[in-house]
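K.L.:
Below is a structure I'd like to ask you about.
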Amino acid sequence: MQFVPSTGLALVVLLALAVLGPHRGLWVFLATTPFGAAAAFNLPAAGGASILVTDLAALMMFAMLWVQPDAPARIAGTMRAFQPGFWMLLFVIVCAISALFFPRLFLGATNVFGLSRANNLVGIVEIPLHPTSGNLTQLFRIFLDAAAFFALATAFRLRPDARNVLIAVAVATFLNAGLGWLDILSFDIGMPTLLKPIQTANYAILSDVSMAGLKRMIGGFPEASAFGYYTLGLFAFWLHIWVARGRSWLVSLALIVSTVALLRSTSSSAYVAAAVFVLAFGALRMMRYDGRGVSRRGLAVTLGLAGGIALALMALGLAYLTIEPVSAFLDRSLFDKMGTASGVERMSWNTQAWANFLDTRGIGAGLGSMRASNWLLASLGSIGAIGTGLFLIFVAALARAPEGAEPDRAAVIGALKSGCLALFISANLTAPTPDLGVFFFAMAGLATGLSRGAMRESLDQTEAVGPGNWRRRGANPKEAGRL
C-alpha cells in the first residue's frame, strides 16, 4: 500500500461522513466526485491499481447504512422484485461470475485489447484472453458502484429529502468548476504542478495537452474527456431543474457554471453527447406535454431553448466558415477526430470487442478482460448479452420510476434521471468498460430512493384518510407491498 498526498483528504472525508451520517453527509460524498484523480492510496502489488477518495467515501456511505438497526431488511427492500435495485443486483451477480470464470472458460479462445501497466505508464495492448488483475479491479469498481447505489437508494427511500440532494449536487458543481478553472489558471501563470497533490492516482495525467491553442481543462480528473463526462452529468441535472422549476438564483447560476465548464472542457465526446442529450431532452419534454403533464412555463422554456440552440448552431456554422481559429478548433475536436491515429485505434478496439462477443458465443470474455471505446460493445464483449441486457433493463426501470406529485421533489428526481441519461449517452460514445462510474450510480440511487420514498409517503397519506380515497389521493394501496 502506497500513501500519497491526497491520503489526508481521504481521512478528512471519512471523518466528516462518520460525524454527519448518510443524509447530512451527502454533500461531503458528492464533493469527492470531482476529485477523479485523487487516490486515497495506491496498490503497487495489485498491478498499480488506485483506490480513489471517492471509492472510500462510497464504501463509508454503505458502511454507515449497514450498521444501522434492521440494515439487511432495509437494503433488501431496495432490491424488491422488478424495482431498479432488483435489476442492479442481478447485474452485479453476472459481473462477478463473468470476472471470476469467463476468462478461464474461454482461455486463449480469442484475442482482447487489455490494459497494460509498465513503468507507471498505461497502455492498451492486444493479447490472448487470460485471467488478469484487471478482472478483479474492474469487479471491485462494480462493487463500489453497487455500494453507492444501494446506500443512497436505501437511505433516501426512508428519508426522501430532495432539498438535501439539490444542495449536495450544487456543492459538487461549483467545486468541479472551481477545480477546472484552477487547472487553467495554474497552467497560464506557469505553475502547472499546483494540482499535483490531488492528481495522485496511478493514471496518465494529461495536464499539459492543448487543442487548437487552448489548454484542455481537466480539473480534478486525469484527462479532458473524463472531466467532460462528469460535467455533462451536472449540466443535464441543472438543465432539467431549470426547465422544470428554475426560478432560483442557485439553479440559474449552477446551470451557467456547468454549461461554461462543459464548453471549455474541449472534450469532443462531451460535445456530441450534450447535443444528443439536448435533442432527446427536448423531444421527451414535448412528448410529455398534454396540457397537464408539463407546465406552460416548461413548454415555453423548452421551445425557447430549442430556438436558441438552432440560432447558436447557425452562428457556429457561420463562424466555422469565416473564422480560422473556430474552424481549426472544430476540425481538431470534432470533424477530424475519427481520422486521427487515436480514432483509428479506438475503432480497432470496437471491432475486436465485437469479435470477442462472437468468439465467446455471446457469453463474453469476462469483466475486466478487454477494452473498447463504446459502452455497448465493451459490455457485449465482456459481460455478454445477459449482462448487457440486465443493465439495459435497469436503465429502463430507472427511467420509469414515478416522480410523485410534489413538484420540487419531482423536479429533482427528473433531473437525476436526466443526468443518468446524459452520462449513458456519453458512455455509448467512449466508455472502455461496462462501468459508468460511481457518479452515475450515485445519481441513479438517489433517483430510485426519492421515487420510492415519495410513493411511501403517498401511501401513508392514503392510509390516513382511509382506503376508499386512494383514487382521489393518487395512490394505490396494492402498491404497498412493492415499496
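The values are calculated or read from the model by the stated rules, or taken from the named source; none is laboratory data. All values reported here derive from a predicted model rather than from experimental measurement. Cβ placement follows ideal geometry from the backbone for every residue including glycine, while neighbour counts extend to all protein chains displayed. These area figures cover heavy atoms from the full protein model, side chains too; ligands, DNA and RNA do not enter into them. Shrake-Rupley method; radii C 1.70, N 1.55, O 1.52, S 1.80 Å.
K.L.:
Looking at the structure I just gave you, is residue 58 outside any loop (DSSP other than H, G, I, E, B) and without any contact (Cβ under 8 Å) to a residue 24 or more places away in the chain? Steps first, please.
P.N.:
Details: outside any loop (DSSP other than H, G, I, E, B): yes; without any contact (Cβ under 8 Å) to a residue 24 or more places away in the chain: no.
When the stated conditions are applied, residue 58 does not pass them.
K.L.:
Given the structure, is residue 404 without any contact (Cβ under 8 Å) to a residue 60 or more places away in the chain, assigned to a loop (DSSP other than H, G, I, E, B) and not basic (Lys, Arg)?
P.N.:
Taking the combined requirement at face value, the residue satisfies it.
K.L.:
How many residues, within region 18-38, are assigned to a helix (DSSP H, G or I) and either open to solvent by 30 Å² or more (accessible area, probe 1.4 Å) or not β-branched (Val, Ile, Thr) (or both)? Even if it seems obvious, please write down each step before you answer.
P.N.:
Pass one, region 18-38, residues assigned to a helix (DSSP H, G or I): 18-24, 26-32.
Subset that is either open to solvent by 30 Å² or more (accessible area, probe 1.4 Å) or not β-branched (Val, Ile, Thr) (or both): 18-24, 26-27, 29-31.
Looking only at that region, the number is 12.
K.L.:
Return the residue satisfying two criteria in turn: it lies in region 252-274 and is surrounded by 22 or more Cβ atoms within 10 Å (Cβ to Cβ) and among the β-branched types (Val, Ile, Thr), and of such residues it is farthest from residue 181 (Cα to Cα).
P.N.:
266
K.L.:
Which ones in region 343-361 are touching a residue at least 60 places away in the same chain (Cβ under 8 Å) and among the hydrophobic types (A, V, I, L, M, F, W, C)?
P.N.:
Within region 343-361, 349, 353, 355 qualify.
K.L.:
Being open to solvent by 40 Å² or more (accessible area, probe 1.4 Å) and farther than 20 Å from residue 142 by Cβ: is that true of residue 15 here? Outline the logic, then answer.
P.N.:
Details: open to solvent by 40 Å² or more (accessible area, probe 1.4 Å): yes; farther than 20 Å from residue 142 by Cβ: yes.
Against the criterion (open to solvent by 40 Å² or more (accessible area, probe 1.4 Å) and farther than 20 Å from residue 142 by Cβ), residue 15 qualifies.
K.L.:
If you don't mind, there's one more thing I want to ask. If you go through region 49-64 one residue at a time, how many are more than 30 Å from residue 262 (Cα to Cα) and surrounded by fewer than 21 Cβ atoms within 10 Å (Cβ to Cβ)?
P.N.:
2
K.L.:
Given the condition modelled with pLDDT under 85 and in contact with a strand residue (DSSP E or B) (Cβ under 6 Å, 6 or more places away or on another chain), answer yes or no: does some residue in region 49-66 qualify?
P.N.:
Step one: list which residues in region 49-66 are modelled with pLDDT under 85, which gives 49.
Those left that are additionally in contact with a strand residue (DSSP E or B) (Cβ under 6 Å, 6 or more places away or on another chain): 49.
Within region 49-66 (the criterion being modelled with pLDDT under 85 and in contact with a strand residue (DSSP E or B) (Cβ under 6 Å, 6 or more places away or on another chain)), the answer is yes, since at least one residue qualifies.
K.L.:
Here is a follow-up. Can you confirm whether residue 330 is open to solvent by less than 30 Å² (accessible area, probe 1.4 Å) and at pLDDT below 60?
P.N.:
Details: open to solvent by less than 30 Å² (accessible area, probe 1.4 Å): yes; at pLDDT below 60: yes.
In short, yes.
K.L.:
Provide a single number: the residues in region 171-224 that are among the polar types (S, T, N, Q), outside any loop (DSSP other than H, G, I, E, B) and in contact with a Leu (Cβ under 9 Å, 6 or more places away or on another chain).
P.N.:
Keep residues of region 171-224 that are among the polar types (S, T, N, Q), which gives 173, 176, 186, 193, 199-200, 202, 207, 210.
Going one step further and asking which of them are outside any loop (DSSP other than H, G, I, E, B), we end up with 173, 176, 186, 210.
Subsequent filtering for residues that are in contact with a Leu (Cβ under 9 Å, 6 or more places away or on another chain) retains 173, 176, 186.
So the answer is 3.
K.L.:
Follow-up question, since we're still on this one. Which numbered condition in (1) open to solvent by less than 40 Å² (accessible area, probe 1.4 Å); (2) assigned to a helix (DSSP H, G or I) is the only one that residue 41 fails?
P.N.:
(2)
K.L.:
Filter region 196-232 down to the residues that are of a type in the set (S, T, N, Q) and either under 17 Å from residue 39 (Cβ atoms) or open to solvent by 50 Å² or more (accessible area, probe 1.4 Å) (or both) and list them by number.
P.N.:
Filtering region 196-232 down to residues of a type in the set (S, T, N, Q) leaves 199-200, 202, 207, 210, 225, 231.
Once the filter is applied, which keeps residues that are of a type in the set (S, T, N, Q) and either under 17 Å from residue 39 (Cβ atoms) or open to solvent by 50 Å² or more (accessible area, probe 1.4 Å) (or both), region 196-232 yields 199, 200, 202, 207, 210.
K.L.:
Kindly provide the set of residues from region 343-386 that are of a type in the set (Lys, Arg) and touching a strand residue (DSSP E or B) at 6+ places or on another chain (Cβ under 6 Å), ordered by number. Write out each step before concluding.
P.N.:
First, pick out the residues of region 343-386 that are of a type in the set (Lys, Arg): 346, 361, 371.
Correct list: 371 only.
K.L.:
Filter region 44-55 for residues that are assigned to a helix (DSSP H, G or I) and not small (Gly, Ala, Ser); which is farthest from residue 152 (Cα to Cα)? So that I can check it myself, show each step before the final result.
P.N.:
If we filter region 44-55 for residues that are assigned to a helix (DSSP H, G or I), which is where we start, we get 44-46, 53-55.
With not small (Gly, Ala, Ser) added as a condition, the list becomes 44, 53-55.
Numbers: 44: 31, 53: 17, 54: 14, 55: 14 Å.
Residue satisfying both the conditions and the ranking: 44.
K.L.:
Something else now. Anything in region 162-194 that is closer than 15 Å to residue 262 by Cβ and open to solvent by 60 Å² or more (accessible area, probe 1.4 Å)? List them, or say none.
P.N.:
Selection gives 174, 181.
K.L.:
Still on this structure, I have one more. Which residue pairs have Cβ atoms under 7 Å apart, sit 6 or more places apart or on different chains, and have a first residue in region 160-182 that is of a type in the set (S, T, N, Q) and a second that is open to solvent by 10 Å² or more (accessible area, probe 1.4 Å)?
P.N.:
Partner pairs satisfying both residue conditions: 164/23; 173/257.
K.L.:
Of all residues being farther than 22 Å from residue 232 by Cβ and hydrophobic (A, V, I, L, M, F, W, C) in region 382-437, which is farthest from the chain's Cα centre (by Cα)? Just the residue, please.
P.N.:
Applying the filter and picking the extreme gives 405.
K.L.:
Is there a residue in region 181-191 that is of a type in the set (Ser, Thr, Tyr) and touching a helix residue (DSSP H, G or I) at 6+ places or on another chain (Cβ under 6 Å)? Break it down into steps so the answer makes sense when it comes.
P.N.:
In the first step, residues of region 181-191 are kept if they are of a type in the set (Ser, Thr, Tyr); the result is 186.
Next, only the ones that are touching a helix residue (DSSP H, G or I) at 6+ places or on another chain (Cβ under 6 Å) stay: none.
The answer is no, given that none of the residues of region 181-191 is of a type in the set (Ser, Thr, Tyr) and touching a helix residue (DSSP H, G or I) at 6+ places or on another chain (Cβ under 6 Å).
K.L.:
Select, from 150, 143, 156, the only residue that is open to solvent by 20 Å² or more (accessible area, probe 1.4 Å) and assigned to a helix (DSSP H, G or I). Steps first, answer last, please.
P.N.:
Working: 150 fails: open to solvent by 20 Å² or more (accessible area, probe 1.4 Å); 156 fails: open to solvent by 20 Å² or more (accessible area, probe 1.4 Å).
Of the residues listed, the single one that is open to solvent by 20 Å² or more (accessible area, probe 1.4 Å) and assigned to a helix (DSSP H, G or I) is 143.
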